[in-house]
Amino acid sequence: MKKSIYAVGEHPPLGVVPERMHASVIRRERYGAPVHAFQMEELPVPRIGHRQVLVYVMAAGINYNNVWAALGKPVDVISARQKRGAAEEYHIGGSEASGIVWAVGQGVVDVAVGDRVVISSCRWDEHARDIRLGRDPMASESQSVWGYEENFGSFAQFTCVEDYQVHRKPANLSWEAAAAYMLTGATAYRQLTHWAPHVVRPGDPVLIWGGAGGLGCMAIQIVSAMGGRPVAVVSDDDKAEYCRRLGALGTINRLDFNHWGRMPDLDDAAAMTEWTAGVRAFGKQFWQVLGERRNPRIVFEHSGESTIPTSMYVCDIDGMVVICGGTSGYMADVDLRFLWMRQKRLQGSHFANTQECAAITELVARGLVDPCVSTTAPFAQVGQLHQMMYDNEHPPGNMAVLVNANEPGMRDIAL
Ligand code: NAP
């Protein structure tokens, strides 16, 4: 007999959708430290609409966007959604997952109940006028992030997604590995391949901030796979070793420098001299690690306020700083003289389109990019893992929680 709710890991028969589910949930009154913001609750299973798919979540990846969601800053995601007409007083985060298709809505093509899948993180309106006029869906005004801006993400037994978000799970991956590469991997892939002519060419030096972090570990591998020469920035020796094992040519420890943050005022000559000495020493260290006097043609950015002045300074003439985040803050300084005289490019980049998600999945399936899962935790520890991320105390690589998967290392289940 169908039950109204199943325990985590107590699999219902394929295609049987219960009324309710277990979820790790953020509420407005709990905004703050991620470890408290996320709490396990029972909630209704979301209903799917036209061209939507209900996925039984086996594992979910942990990402920085739900650190922001837990804090309620810089965006209160629950209030923002309610302003757009949503009724829910809660947020189910989680912007990547592996799982099994449990139900499909009308009009769904190329996806069937029972498919083993990986879910990509963004959605858009395929009928949006800008997309119909040829704009990349990631640049569409209709684009938004599932499990962050949108509700019913992967920190729940079931999640509701659009059919184009669904990709075939590489069969060689465990549920947790399949759940942990898409968001950081596809974002890094777009940063390094989308913004022609600034794509990684064989031999190109590339500077990668946070090389041992979620984005960084994927960027090192993608740059290597494309024949580039990745140099990673880290904050301790273990992370340095980790990056070298992944394929970094060498590393720079950012704690050896102290010129970080906003730039000094141009009128403060002494402070400017000190800042310039710091940034030049960093640049020299880059040359030393690279083994030649060449600046990075591409700087892979996401650390933001603290590092942008350095990124813009060390970036090669005619090179690109490509940025997708601002972990250390958003108000960054750019000395525009270097931007125009040296004809550098500062390029924003945000997640990835469907083709880029398919491309990173292919690289992972072929073993050219490892998902780098360092931590696999039980479902109830979603808050703890986000807290570790917020405190920058998480181990190198990507992290995942098992949702309905019964144990780490499982690649499939018999249903
Ligand atoms: P992560 O796993 O926490 O890695 C970030 C790394 O940044 C850390 O390992 C840390 O390495 C480094 N870092 C922290 N504070 C720093 C500072 N003040 N200066 C320089 N480096 C610092 O996070 P992630 O998953 O890679 O995500 C990084 C950022 O990108 C987040 O802000 C996230 O929201 C954003 N993001 C955006 C998108 C998008 O589509 N727009 C997608 C993914 C992520 P060390 O301490 O070793 O230097």
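Run the paramagnetic zone check for N406: 7 angstrom along Cα to Cβ, then residues of the range 4-33 with backbone nitrogen under 14 Å.
Output list for this probe position: 7-13.
To the nearest 20 Debye, how big is the dipole of the range 1-124 about its Cα centre, given +1 on the beta carbon of each Lys and Arg and -1 on that of each Asp and Glu? Please report the intermediate quantities before stating the final value.
Values: 14 positive and 11 negative charges, 61 e Å.
Dipole size: approximately 300 debye.
Assuming 0.36 nm per residue, please report the length gained on full extension of the stretch R27 to Y90 beyond their Cα-Cα distance.
Numbers: separation 63, 0.36 × 63 = 22.68 nm, distance 0.48 nm.
Gain on stretching R27 to Y90: 22.2 nm.
Ordered by residue, what ³J(HN,Hα) values in Hz, to whole numbers, does the range 330-337 give under the Karplus form 6.51 cos²θ - 1.76 cosθ + 1.60, where θ = phi - 60° and Gly and Pro are x?
10, 9, 9, 9, 10, 7, 5, 4
Can you list the trypsin sites (Lys or Arg not before Pro) in the range 1-83 that are in a DSSP coil and have 15 or fewer other beta carbons within 10 angstrom?
On the way: sites: K2, K3, R20, R27, R28, R30, R47, R51, R81, K83; in loops: K2, K3, R47, R51.
Hits after loop and neighbour filter: K2, K3, R47.
Show log10 I(q)/I(0) for the range 31-111 at q = 0.19 Å⁻¹, two decimals, from a solvent-free Debye sum over equal Cα scatterers.
Debye intensities relative to I(0), on a log10 scale: -1.03.
If each residue of separation counts as 0.36 nm, what is the full-extension length gain between A414 and L266 once their alpha-carbon separation is subtracted? Could the numbers behind the result be given before it?
Numbers: separation 148, 0.36 × 148 = 53.28 nm, distance 6.59 nm.
Answer, rounded to one decimal: 46.7 nm.
Given DSSP loops and a limit of at most 16 other Cβ atoms within 10 Å, what is the longest stretch of the chain that contains no such GluC sites (Glu not before Pro)?
On the way: sites that count: E10, E19, E88, E89, E126, E141, E292, E393.
Answer from the scan: 142-291.
Taking Cα centroids, how far is the range 40-118 from the range 263-310 in Å?
40 Å
At a probe radius of 1.4 Å, what is the per-residue accessible area of H36, in Å² to the nearest 10?
Per-residue accessible area (H36): approximately 120 Å².
How much length would be gained if the chain were fully extended between R337 and T276, taking 0.36 nm per residue of separation minus their Cα-Cα distance, in nm to one decimal?
On the way: separation 61, 0.36 × 61 = 21.96 nm, distance 1.45 nm.
Result for the pair: 20.5 nm of gain on full extension.
Taking Cβ-Cβ under 4.7 Å as the only way to count a partner, pick out the unpartnered cysteines of the chain.
Flagged as lacking a Cys partner: C122, C160, C243, C315, C324, C357.
With a sphere of radius 9 Å drawn around the Cβ of A128, what net charge do the other residues whose Cβ falls strictly inside it have (Lys, Arg +1; Asp, Glu -1)? Don't skip to the end; give the middle numbers.
On the way: positive: R129, R132, R135; negative: D125, E126, D130, E141.
Residues close to A128 contribute a combined charge of -1.
Counting Lys and Arg as +1 and Asp and Glu as -1, what is the net charge of the other residues whose Cβ lies under 11 Å from the Cβ of R27?
Values: positive: R28, R30; negative: E29, E41, E88, E89.
Residues near R27 contribute -2 overall.
Please give the charge dipole size of the chain, origin at the Cα centre, charges +1 on K and R Cβ atoms and -1 on D and E Cβ atoms. Round to the nearest 20 debye. Write out the running numbers ahead of the final one.
Numbers: 38 positive and 45 negative charges, 142 e Å.
Using Cβ point charges on Lys, Arg, Asp and Glu, the chain gives about 680 debye.
With just the Cα atoms defining each centre, how far is the range 124-183 from the range 196-219? Give it in Å.
Taking the Cα centre of the range 196-219 as reference, the centre of the range 124-183 is 23 Å away.
For n ≥ 4 DSSP H runs only, could you compute -39500 (n - 2.57) per run for the chain, divide by its residues and tell me the 222 nm figure to the nearest 500? Can you show the working numbers first?
Details: 13 runs with 118 residues, N = 415.
Calculated mean residue ellipticity at 222 nm is -8000 deg cm²/dmol.
Quick one: with all protein chains in place, what share of the accessible area of the chain is carbon or sulfur, to the nearest percent (1.4 Å probe)?
Numbers: 8800 of 17280 Å².
C and S fraction of accessible area: 51 percent.
The values are calculated or read from the model by the stated rules, or taken from the named source; none is laboratory data. These figures come from a predicted structure and were not determined experimentally. A quick note on method: Cβ atoms are made from the backbone with ideal geometry, for glycine too, and the neighbour counts reach across all protein chains shown. Accessible surface is based on the protein model in full, side chains and every heavy atom, while ligands, DNA and RNA are left aside. Shrake-Rupley method; radii C 1.70, N 1.55, O 1.52, S 1.80 Å.
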